[in-house]
Amino acid sequence: MSYDSSNIFAKIVRGEIPCDKVYEDDHVLAFRDINPQTPTHVLVIPKGEYQSYVDFSQQASDLEILAFTRAVGRIASDLGLDEPGYRIIANHGRDARQEVPHFHLHICGGEDMGRMIKPNRS
Ligand code: 5GP
């Protein structure tokens, strides 16, 4: 499956669609989710064209991976989530119900989020 450059996050990276940005460097962009599931809900994406964690981890340069990893930690800390806690989620593919086919991590926090996987999920 090839990368679909018409996806919404690709448009955000290109500046064609606005976002509520919380962090940016040469390789990484982070912005608030348009439909937050928790009081703090930020999406962190590489600027490069990667669909999934597998794609990113196998195809991205060491520099991109390093920048992404450092950015995720910095963003969680800057959002004030390190002490109370937070959850990082990466959805990929059908079973995880990935909506946007551009690799991204969700950083969620700001409340007690309960157990990771709920027994009765719909
Ligand atoms: P996924 O299910 O692919 O892991 O999550 C995609 C996320 O992107 C969803 O939480 C959704 O609310 C968010 N999203 C979809 N379109 C937009 C958009 O145009 N702007 C922002 N900021 N978030 C979006």
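The values are calculated or read from the model by the stated rules, or taken from the named source; none is laboratory data. Note that the coordinates shown come from a computational prediction; the quantities given were computed from them, not determined experimentally. Please note: Cβ atoms are built from the backbone with ideal geometry, for glycine as well, and neighbour counts cover all protein chains shown. Calculation scope for accessible area: heavy atoms of the full protein, side chains included, ligands and nucleic acids excluded. Shrake-Rupley method; radii C 1.70, N 1.55, O 1.52, S 1.80 Å.
When the test is whether a residue is among the small types (Gly, Ala, Ser), in a loop (DSSP other than H, G, I, E, B) and open to solvent by 20 Å² or more (accessible area, probe 1.4 Å), residue 93 passes it.
Residue pairs whose Cβ atoms lie under 6 Å apart, separated by 6 or more positions or on different chains, with the first residue in region 78-102 and within 16 Å of the ligand (Cβ to nearest atom) and the second among the aromatic types (Phe, Trp, Tyr) and open to solvent by less than 60 Å² (accessible area, probe 1.4 Å), are 100/9; 102/9. Considering region 20-67, and only residues there that are among the β-branched types (Val, Ile, Thr) and more than 14 Å from the ligand (Cβ to nearest atom), the residue that is farthest from residue 86 (Cα to Cα) turns out to be 54. Taking into account only those residues within region 103-113 that are more than 8 Å from the ligand (Cβ to nearest atom) and assigned to a loop (DSSP other than H, G, I, E, B), which is least open to solvent (accessible area, probe 1.4 Å)? Here the answer is 103. The residue of region 1-19 that is most open to solvent (accessible area, probe 1.4 Å), among those that are more than 14 Å from the ligand (Cβ to nearest atom) and among the hydroxyl-bearing types (Ser, Thr, Tyr), is 2. Taking the conditions (1) among the hydroxyl-bearing types (Ser, Thr, Tyr); (2) over 22 Å from residue 3 (Cβ atoms); (3) open to solvent by less than 20 Å² (accessible area, probe 1.4 Å) in turn, residue 77 satisfies each one other than (3).
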